[in-house]
Structures are given as C-alpha cells and as structure tokens.
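Engineer: Submitted below is the structure of interest, expressed as structure tokens.
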Amino acid sequence: MKAADEIKIRRSMAIISHPDAGKTTLTEKFLLYGGALHLAGSVTSRKKERATASDWMELERKRGISVSSTLLQFDYAGYKVNLLDTPGHKDFSEDTYRVLTAVDSVIMVLDAAKGIESQTRKLFEICRRREIPIFTYVNKMDRPTRHPLELLDELEDVLQLNAFPVNWPLGTGFDFKGVYDRMAKQVHLFQKLSKGGSQAAPVSIRGLDDPIVKDNLSAQDYAHLCEELELLEGAGGLFDPADVLAGDTTPVFFGSALNNFGVQLILDYFLKYSSEPIPRKVNGRIIPTESDKFSGFIFKILANMDPNHRDRIAFLRVCSGKFERDMTVWHSRTGERVKLSNTRKMFGQEREAIDEAYAGDVVGIVGRSGFGIGDTLTEDPAITYHEIPRFTPECFMTIRNPNPANFKKFKKGMDQLLEEGVVQEFFRDDDVHANSRLLAAVGPLQFEVVTYRLQAEYGAESLMEPAPWQVLRWIDPATPEATLREARIPSGSTLARDANQHRVLLVPSEWTLNYFCEKNPAIAISNVPYELIQKPRKR
Ligand code: G4P
C-alpha cells in the first residue's frame, strides 16, 4: 500500500468520561467488536476484581480506578485503530492531557441519567482547545434516564456544541428497545443477551413502518417516537462531516455499552467520520503526514508495566513519514543520533514486534533510558514538536527515604517516576534538607502512586510530609538575577527551580501571591513555564 493509503486507514482515538459513565465498558465492547477480546472475557472476570485488559496496574485494581493510560491497537473494518485509554480520575488529568495530544478524535461518554458531569466538562475543554473532533455516546439507556432532548440541549448550552443525534432511542430504561439510525433511516432493534453482554448483541434492522417495529413498542411509544423524529427533522440541520472535523458539531449516539446496544453503530460511524491523522505544525510550518522524513514525539513513559519484564516503555506518536525498525533518528533534545531497535505494538500488557508504522500510529520503544515526555524523534533535525502541555501543580509534598540502606533503590525509583512525569520535582534555593525532596502534583492521588510504586516496584520505603505551599508560578527568565536578589519575598514563600533550572515562586496562598505581585512589579510571573507559552495548535 502507498504511504498515503496507509495513513488514511489510521484512527488514533481516546474515550473520555466522568468516572463511572462507562468508559471502560465501552472500551471493552470496542475490543469485542474489533475481534480483539474473544467474548470480551474480561467483562465477566472484571466482575470479580475489575481487571480489564486496559486496567493492569495493581494499584488500579485495588482502587478500581484507571491510573495510567494504556494503548490498545486493533484492526476493524479495514481500519487500524489506536485506542488510547485515559484515566478518569481528576487527579490524573495531567496524564490524560498528555494522551490527548496523541489522538486525532475523541469519544465522550455520558451517563444518560446524569448528562454532563464535572470531569466530562474539564476534559471536553481540553479537547476543544486542541480542536479535537468529539463524538458523544449517551450510555446506560437501559436504566432510567433524563429525556434525550434535554441531554441534547445540555450539550448545546453547557458545551456550546452543536449536537446532531445520529441515532434516536426507542424508549428508555426497561423499555429501551433499540435506536433509529437517522442517517440510514433504519431501526435497529436490540435483543438483550445474558448479563454483561459478552457477545455481540443480535440486531434486527428494519424500516420505521415495519410491523415488527410497531409490535415491539406500545402504540403510545410508537406515536411518541414518530413525533420526536419529526421534531428532529423539523429542527433542521443537515449532518455536515466538515463541522464534525472542525470540532463544532458532535454526532450523538444513544446506547447501552453493557448490553452492546448501539456500540457497533457508533464504532462504524466514528471510523467513517472521525479525523485521519492530523498533520502537526512546527514553528508555523505544517509537517505533512506523508512526508518522506519520519518524525514523532513521546507523549508517555511507563516503567514496569509487566512485573516479569521490569522495563520501561516510551510511547511515541508518529506524526510524519514511515517508521521502520532499527532506523536511526535524531533525538532533538540532546541532538544525539539514536537507533530505534526494540519497538513494539501494544495491546494492554501484550506486545508484538513492530516493523513499520505511519502517521497516526503509536509505537512503544522498549528499554531505552534518556527519553523524556515531549521529546521529538525525527529524521529531519529541523523538526521539534512542542505538543505536550505542562500543568501548574497545586499540591506539594516533601518525600524522604527513611532507610539509608535503601538509598540506591529509593533514588532509582524516584528517578524513574520523575522521568515518567508521575509528579514533578522542584529544588528550593534555600534547601538545607539534603535528604528530603520537594515534589509537586496536580492532584494528591499522584503522591499515593509515588509511595505505592516505590514500594511495589523498587522495594523502597518513603515518608511524605505536606509542604506549606499551595501556589506555584514560573518567573519570567528575562528577569535579571539582581532584581530577584532584591525581591521582597513574603514570609512563608520561597524561590525554587524546576527540573529545567527555570525559576519558580512558591507561596502559601493566592493572597500572598497578590502581595508578591504588588511589592515586586518588575517581576513577571506565569502559571505555565515560559518556554511553553505558545499559540494553540491550528489544523
Ligand atoms: P468508567 O470506566 O467510566 O469509570 O465506567 P465503567 O465502564 O467501569 O462503568 C461503571 C459502572 O457502570 C459499572 O458498574 C458498569 O458495569 C456500569 N455500566 C456501564 N455501562 C452500562 C450500561 O450501559 N448500563 C448499565 N446499567 N450499567 C452500565 P459497576 O457496578 O460499578 O461495576 P461492575 O461490577 O458492573 O463491573
């Protein structure tokens, strides 16, 4: 196949939702329809311990949340799908944001009884900022729900998004019988299978006037359905795929992931109308996906995914050209040439050697140290991507090793977790506690991951104590050292440096921050590192 044809069939996607809306269930069902999980066996075993193919980490199992995202790759209907799993819990949003830099389209799952929830909204904002096309799956239609029209209104009012219902439910709750596909003008009648829906649900497809459709609904419900469909038609608005790609319209699908209702419909339409791999921009220059020069960036690093291997994997999103095993590329941060030999295609914990990849693909580079999140690997040294956002930490802790005999293990573990970006480290100017290190995170659960993984993966105990700051700001690097030396630092505040040696200010409250700004008008500060202040990506 020609490179351009290879790229056309790639889809790189993520599913986002508020916890419990059904992201994990929908992911599993996609794998079921993609033939990747036979009978979605994990669905039943998950009943016992919530272990899924994408939910591998011990800690995740214990807590029942998805801490770090994984990659699932499968073929479906002629497409090569890269499905990137994202953690739903807000404390791990930094990880989610990074993953979203690697995808071209997103499916947003809503609980039909709850509509848009706080975390859905936050994740949606990130997608909007990155202009990522969003498809909406309204899940749990088999339970009491809010009115579908009300949910559409909410999408339009709260998210300011044009909502186009591609299908429409036939009844809700116990009476949820199927959906009407408004594009194909066909009714899909679903048949409920055994609990958990570990097989594709049998569907019978018919016209709206078919007597079998009428037989399945009460006369009142059928009349109601026809009225609603007329209302939707009357409300106008044709489906325009360009509006979807522009992120202005979200195609909406109703269903029940648990029962496999409407899963195949959204998957089929998603693949048809979602974005092909989007070319990235570097300093205003568009890098064509089919360029003859390979390039990509690392959006995630994970160690010890498989306790039997204990190695680290850097996940690279291919942006242009063709990746080939054993190729030698520039590592743009260090300016060194590196050979990419041990590269893998990933399916949760399973790995398969990968020989070639194209734009839109994600490649796992195994066992190499020295790569960092955000690093560019490229055959064209003029390309350096700046795709990964940094987040302003809001929680601070000090960590120390209580057992001097374990110094090496502690250091090794900390180095790895910092490389993965589990937390950030800052270095105080006035630090006299050589034994304790200052860590910062967006959410407190990130600290728990550190303590847990230090112990579980490196056998290192650790002691954490809260640090007294709540606000961090980066200081404009143009600020002369003399100005900083003479700065009036409020009590309880301190200057520090980030891992790139950039100056930061740590203060105990917003009030103190305002006080600092008042007293030091010559010092400019920002809530993102100055080197990352750049315009949002434009298609
Ligand atoms: P998440 O990844 O977004 O956090 O949600 P997840 O898929 O884990 O689903 C959360 C709960 O909602 C699970 O129940 C799941 O079975 C249920 N669920 C998902 N889709 C549907 C649906 O279409 N209909 C109904 N009725 N329930 C659905 P749980 O009791 O928390 O876990 P489990 O014991 O069922 O695994």
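The values are calculated or read from the model by the stated rules, or taken from the named source; none is laboratory data. Computed from a predicted structure; not experimentally measured. In this analysis, Cβ positions are derived from the backbone assuming ideal geometry, glycine residues included, and neighbour counts consider all displayed protein chains. Surface accessibility is based on the protein's heavy atoms, side chains included, excluding ligands, DNA and RNA. Shrake-Rupley method; radii C 1.70, N 1.55, O 1.52, S 1.80 Å.
Engineer: What are the residues whose amide H is under 5 Å from the amide H of Ile107, where those residues sit 5 or more places off or on another chain and H is modelled from the backbone?
Structural biologist: Ala14, Ile15, Ile16, Phe135
Engineer: In degrees from 0 to 90, rounded to the nearest 10, what is the angle of the helix 263-273 Cα long axis to the longest principal axis of the chain?
Structural biologist: 70 degrees
Engineer: Ignoring ligands and nucleic acids, what accessible area does Lys177 show with a 1.4 Å probe (Å², nearest 10)?
Structural biologist: So the heavy atoms of Lys177 present about 60 Å² to solvent.
Engineer: Using packing as a proxy for protection, rank 254-260, 181-187 so that the peptide with the highest average count of other Cβ atoms within 10 Å comes first.
Structural biologist: Details: 254-260: 26.0, 181-187: 16.3.
The peptides rank, most packed first, as 254-260, 181-187.
Engineer: Could you rank the peptides 226-234, 515-523 by their average count of other C-beta atoms within 10 Å per residue, with the highest value first? Numbers along the way, then the final one.
Structural biologist: Numbers: 226-234: 12.3, 515-523: 14.3.
Output ranking for 226-234, 515-523: 515-523, 226-234.
Engineer: Assuming a ≥ b ≥ c are the square roots of the Cα gyration tensor eigenvalues, decide whether region 394-451 counts as rounded (a/c under 1.5), prolate (otherwise, with a/b larger than b/c) or oblate. The partial results should precede the final answer.
Structural biologist: Working: a/c = 1.79, a/b = 1.16, b/c = 1.54.
Oblate, because a/c is 1.5 or more while a/b does not exceed b/c.
Engineer: Turning to a different aspect of this structure: Tyr385 accessible area, nearest 10 Å², 1.4 Å probe?
Structural biologist: Near enough 10 Å² of accessible area.
Engineer: Over region 395-532, what is the mean sequence separation of C-alpha contacts under 8 Å (at least six apart), divided by residue count, expressed as relative contact order in percent?
Structural biologist: The normalised contact order for region 395-532 reaches 28 percent.
Engineer: Specify the angular offset, from 0 to 90 degrees and rounded to the nearest 10, of the alpha carbon long axis of helix 219-234 from the longest principal axis of the alpha carbons in the chain.
Structural biologist: Between helix and principal axis, roughly 60 degrees.
Engineer: Next up: Could you work out how far helix 445-458 tilts from the main Cα principal axis of the chain, as a 0 to 90 degree angle to the nearest 10?
Structural biologist: Relative to the chain, helix 445-458 is tipped by roughly 80 degrees.
Engineer: Where does each of 25-35, 156-166 land if you order them by average Cβ count within 10 Å, highest first? Write out the running numbers ahead of the final one.
Structural biologist: Working: 25-35: 23.1, 156-166: 17.2.
Final packing ranking: 25-35, 156-166.
Engineer: Answer with one residue from Asn260, Ala522, Ala405: the one whose Cα lies farthest towards the positive end of the charge dipole of the chain, charges on Cβ with Lys, Arg +1 and Asp, Glu -1.
Structural biologist: Ala405
Engineer: Suppose accessible area is computed on protein heavy atoms with a 1.4 Å probe; arrange His147, His18 from highest to lowest. It would help to have the intermediate numbers written out before the result.
Structural biologist: Working: His147 75, His18 40 Å².
From most accessible down to least: His147, His18.
Engineer: While we're on this one: With the cut-off at 1.5 for a/c, could you classify region 395-532 from its C-alpha gyration tensor as rounded, prolate or oblate?
Structural biologist: It is prolate, given that a/c is not under 1.5 and a/b is the larger ratio.
Engineer: For Met327, what residues show an amide H to amide H distance below 5 Å, using hydrogens built from the backbone and excluding near sequence neighbours?
Structural biologist: Amide H to amide H, under 5 Å and 5 or more residues apart or across chains, Met327 pairs with Leu340.
Engineer: Considering only protein heavy atoms, with the full assembly of protein chains and a 1.4 angstrom probe, order Arg453, Arg285, Arg428 by accessible area, largest first. Kindly include the intermediate steps, with their values, before the conclusion.
Structural biologist: On the way: Arg453 5, Arg285 110, Arg428 65 Å².
Largest accessible area first, the residues go Arg285, Arg428, Arg453.
Engineer: Something else about it: For the chain, with all protein chains present and a 1.4 Å probe, just round the carbon and sulfur fraction of the accessible area to a whole percent.
Structural biologist: Details: 11590 of 23210 Å².
Percent of accessible area from carbon and sulfur atoms in the chain: 50.
Engineer: Once the whole set of protein chains is in place, how much accessible area is left on Glu419, using a 1.4 Å probe, in Å² to the nearest 10?
Structural biologist: 50 Å²
Engineer: Mind checking the per residue accessible area of the chain for me, 1.4 Å probe, whole number of Å²? All intermediate terms of the calculation are to be shown ahead of the outcome.
Structural biologist: Numbers: 23210 Å² over 539 residues.
Spelled out: the 1.4 Å probe surface of the chain, per residue, equals 43 Å².
Engineer: Relative contact order for the chain: what is it in percent, counting Cα pairs under 8 Å that are at least 6 residues apart?
Structural biologist: Rounded, it is 13 percent for the chain.
Engineer: Follow-up question, since we're still on this one. For the pair Arg146 and Asp240, how long in nm is the line joining their label points, each one 7 Å along Cα→Cβ?
Structural biologist: The two pseudo-label positions are separated by 2.7 nm.
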